[in-house]
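The structure appears below as C-alpha cells.
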Amino acid sequence: MTNAQIIKVAVHGAAGRVGREVLRAVDAAPDMTLVAAIDRIPQNELEALPVSVPYYTDARDGYMAAQADVVVDFSVSAASFPMIPLALAAGTRPVIGTTGFTEDQIAYLDAQCQEHHLGGLLAPNFTIGAVLLGTLAAMAAPYFDYVDIYEEHHEMKVDAPSGTAIGIAKSIHDAHPEAFEHNDPTREPLPGTRGGNYNGMSIHSSRMPGRMAHHQVTFGGPGQTLTLRHDTNNRECYMPGVLLAVRKVMGLQGLTVGLDKLMGL
Ligand SMILES: NC(=O)c1ccc[n+]([C@@H]2O[C@H](COP(=O)([O-])OP(=O)(O)OC[C@H]3O[C@@H](n4cnc5c(N)ncnc54)[C@H](O)[C@@H]3O)[C@@H](O)[C@H]2O)c1
C-alpha cells in the first residue's frame, strides 16, 4: 500500500468511551494512520490514551497541524456542530457518531459539505448488525399480522424506548403501512403491561445492569413466529461500521445520513 492510499484520521472526543475505541481501531487498521486526538480535557488530566498520537485541546489547531483526510467524531453535539465546519475548511471529511443534532443542524452540515466539495457521514447507529436487523425486519414485515419489539439496555439509559427500537419500528411501518393486529386486554390489573403501541407494534423496554444494547423483533402469524435478534456486548461493536465509513467517506459528496446507505441496503 502506498502512502497516497493511507487515510489520515483524526479523532474528536478522543478521550471518551467510544473515542478511545476509535483510537485503537484506527491504529490497528492497515490502510489508516492516526494523526490527531482532539478532546477538551487537558492531556495531563487524562487517564492515558490507549495509543500514542499527537493530542490537541483546540480543534482548529488539530486540523491545521494534522491535515487529516477524515475526522471521526464521538463527542457532544454542542461541541461537534461548530467543529465540523473547521474540519471541512481544513479539507477534513467528518464521520459523525455524536447524537442529538436537529434536522436544521443536519441540513446546515450538508450545506457545509457541499460548499467545500467534500463528503461527510452522520450515522445514529454504527452497529452493522443493528442496521441489518432493521432491514431484515422490513423484509419480513409484509408477511405477518403481528409484531413485538423488545429492547434491553443497561440501567443508566435515560430514554425508553431506544432510538434504535424506534428506527426499527419505522422501517417496519414503511414496509407494512397498515397498522398491525394488536391484542388490547379488556382487563388490565397492571396498567402498561402490554408495552408501548406504535402502529399496532408492541414495544417493550427492559433496564438492568449486566447488559449493553439488545434488540429483538418477533413476528407472529398463523402457526408460526419469526424472531430476529441483535446483541452488543462492548463498544468494539461500533468499530467495523466506523472503519467502513472512514473508507467510504473519501468517495462521497455532501452529507450522507445513515450507515445503511454505505452498505448498499
Ligand atoms: N452513532 C453511534 O453508533 C453511537 C454509539 C455510541 C455513542 N454515540 C454517541 O457518541 C457520543 C459520545 O459517546 P461516549 O459514550 O463516548 O461519551 P463520553 O462522554 O465518554 O465521551 C465524550 C467525549 O467528548 C469530549 N468532549 C466534550 N465536549 C468537547 C469539546 N467541546 N471539545 C472536544 N471534546 C469534547 C469529552 O471530554 C469526552 O471525552 C454521544 O453523543 C453518544 O450518544 C453514538
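Just to be sure before I move on: is Ile203 in a helix (DSSP H, G or I) and crowded, with 17+ Cβ neighbours inside 10 Å in the structure I sent? No: the conditions fail for Ile203. Note on the range 91-108: among residues that are assigned to a loop (DSSP other than H, G, I, E, B) and of a type in the set (Gly, Ala, Ser), the one that is nearest to the ligand (Cβ to nearest atom) is Gly97. Considering every residue within the range 42-58, establish whether at least one is more than 23 Å from Leu255 (Cβ to Cβ), without any contact (Cβ under 8 Å) to a residue 12 or more places away in the chain and among the polar types (S, T, N, Q). So far as the range 42-58 goes, yes, one or more of its residues are more than 23 Å from Leu255 (Cβ to Cβ), without any contact (Cβ under 8 Å) to a residue 12 or more places away in the chain and among the polar types (S, T, N, Q).
The residue that is farthest from Gly258 (Cα to Cα), counting only those in the range 126-166 that are in a helix (DSSP H, G or I) and of a type outside the set (A, V, I, L, M, F, W, C), is Tyr143. If you go through the range 38-64 and keep only what is of a type in the set (A, V, I, L, M), outside any loop (DSSP other than H, G, I, E, B) and surrounded by 15 or more Cβ atoms within 10 Å (Cβ to Cβ), you end up with Ile38, Ala59.
Within the option set Ala15, Ala59, being under 20 Å from Gly97 (Cα atoms), touching a His at 6+ places or on another chain (Cβ under 7 Å) and within 9 Å of the ligand (Cβ to nearest atom) holds for one residue only, Ala59. From the list Ala140, Ala165, Ala213, the one residue that fits, being touching a Phe, Trp or Tyr at 6+ places or on another chain (Cβ under 8 Å), surrounded by 14 or more Cβ atoms within 10 Å (Cβ to Cβ) and among the small types (Gly, Ala, Ser), is Ala140.
Of the candidates Leu109, Leu133, the single residue that is at pLDDT 95 or above, in the same structural domain as His214 (by TED's automatic domain parsing) and within 21 Å of Val18 (Cβ to Cβ) is Leu133. Scanning the range 65-91 for residues that are within 11 Å of Ala10 (Cβ to Cβ) and crowded, with 21+ Cβ neighbours inside 10 Å turns up Ala66, Ala68, Val70, Val71, Val72, Asp73, Met83, Ala87. As a summary of the residue check, Thr227 satisfies the conditions (1) touching a residue at least 40 places away in the same chain (Cβ under 8 Å); (2) hydroxyl-bearing (Ser, Thr, Tyr); (3) over 20 Å from Pro177 (Cα atoms) except for the one numbered (1). With respect to Asp104, determine if the residue is within 21 Å of Leu244 (Cβ to Cβ) and either assigned by TED's automatic domain parsing to the domain that holds Ile38 or in contact with an Asp or Glu (Cβ under 9 Å, 6 or more places away or on another chain) (or both). It is false that Asp104 is within 21 Å of Leu244 (Cβ to Cβ) and either assigned by TED's automatic domain parsing to the domain that holds Ile38 or in contact with an Asp or Glu (Cβ under 9 Å, 6 or more places away or on another chain) (or both).
Within the range 231-262, the residues that satisfy the criterion of being more than 13 Å from the ligand (Cβ to nearest atom) and under 29 Å from Ile203 (Cα atoms) are Asp231, Asn233, Thr256, Lys261, Leu262. Just give me the residues in the range 109-125 being assigned to a helix (DSSP H, G or I), closer than 20 Å to Val246 by Cβ and more than 16 Å from the ligand (Cβ to nearest atom), in sequence order. Those that are assigned to a helix (DSSP H, G or I), closer than 20 Å to Val246 by Cβ and more than 16 Å from the ligand (Cβ to nearest atom): Asp110, Gln112, Cys113.
The values are calculated or read from the model by the stated rules, or taken from the named source; none is laboratory data. The structure presented is a predicted model; accordingly, all values stated were derived computationally and were not measured. So basically every Cβ, Gly included, is an ideal-geometry build from the backbone, and we count neighbours across all protein chains shown.
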